[in-house]
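For reference, the structure is listed below as structure tokens.
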Amino acid sequence: MMGTLIAWLTGGATTASSQFALAVGKWASIALTISLFMLSLRRSGERAGRMAERIENQEKANETQRQMLKAVSRRPRNRDELVERLRDGKF
């Protein structure tokens, strides 16, 4: 495809300059492909990093919520239980 495009642009001449242009075009397309691949890897790495950070924050929030629920389960149910705990020194 690249060769036909360059041949069309140069008028179909098969001189050394057109062969050089074909070689340059091939190498340019290879370099463009590699650079686009590297950029794609970088973006996917950033995306994975953001996802890992999001999961870590979610785990911290879940742990805090578990601690709060555990504390609520141990609280006195009414004033009488509170007074009993205060008297027994278990509070």
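Counting only residues at least eight positions apart within a chain, or on another chain, the lysines with an alpha carbon under 23 Å from that of K70 are K60, K90. When Rg and the Kirkwood Rh are both derived from Cα coordinates, the Rg/Rh ratio for segment 2-88 amounts to 1.74.
Taking the Cβ of Q67 as the center, what net charge do the other residues with Cβ under 15 Å away carry, scoring Lys and Arg +1 and Asp and Glu -1? My count for the surroundings of Q67 gives +3.
Here, each number is a calculation from the coordinates, and none is a lab measurement. Note that this is a predicted model, so its numbers are computed, not measured. With ideal geometry, Cβ positions are generated from the backbone for all residues, glycine too; neighbour counts draw on all protein chains shown.
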